[in-house]
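To start, the structure itself, in structure tokens.
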Amino acid sequence: MKDLMTGADIGTTVNFRTVGPYEARHPWPTETVVSAGGGRVFIRNAKPGSPTSYGTLFMEVYPPGAAFIRGEGSTVEECENAAWGKYQLALNCTDGRSVHDWEPREYKNGAGFCTRCKTFGADVFTGAQLGQFCDVCGEGTTYDWDMSSDKTTIFHCKKHFVQTRNDTTSNQNFLETILNGMLGDDDNDDRDDLASDKNSTEASTTPAEGDKNDE
Ligand SMILES: [Zn+2]
Ligand SMILES: [Zn+2]
């Protein structure tokens, strides 16, 4: 396996940071990129009376045949087992051919989720496939979008993107996509909320966990 931050070949020894090194038990392909540790996951739209955050260990892997998988648990073994289970689901879903049944949900950055195995994929849709075309040159784009005053969404390609805000909407949504995906099946109930409020992040996490989500 390879360490996400350093790219170094770590064999089967996963560094869980606060917990220390852990020998992975499942036969992950050697090209699997991994990041692991502990963190707190904040649930922005928590139902009244239920907790707004929880602490967890996590193991995040980018194995061949699946773009991003996160396993959580109270022990490192649980994390690996959860991630491995999702990975097997993803592999069986595509029958080894790497074809998932992608749906973009409400996301505009080209990412999608498989309707069958729920795996997350970055860059599985082009701008043209999503019907998003640059306001200037007409090229399909997933690079940038913004709401105009009359509530229509304006898209820009990388070349015609002009930084007018302090935040970066694209990356914000990318993070949101990942976080949404890692919540698994439970997020179905909340999807309407998320769609109606673009800036509401359903869950957020520590910067240490989220800072690798740059495109
Ligand atoms: Zn799938
Ligand atoms: Zn353009």
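The values are calculated or read from the model by the stated rules, or taken from the named source; none is laboratory data. In this text the structure is predicted, and so the values were computed from the model without any measurement. Note: ideal-geometry Cβ built from the backbone for every residue, glycine included; neighbour counts use all protein chains shown.
Things to note:
- For the range 123-138, the tally of residues that are more than 21 Å from the chain's Cα centre (by Cα) and within 16 Å of ligand 1 (Cβ to nearest atom) stands at 0.
- Scanning the range 20-33 finds no residues that are modelled with pLDDT under 95 and within 19 Å of Lys118 (Cβ to Cβ).
- Set Cys117, Cys93: member being buried (at least 18 other Cβ atoms within 10 Å of the Cβ) and in the same structural domain as His156 (by TED's automatic domain parsing): Cys117
- Which listed residue, of Cys117, Cys93, is within 14 Å of ligand 1 (Cβ to nearest atom) and in contact with a helix residue (DSSP H, G or I) (Cβ under 8 Å, 6 or more places away or on another chain): Cys117
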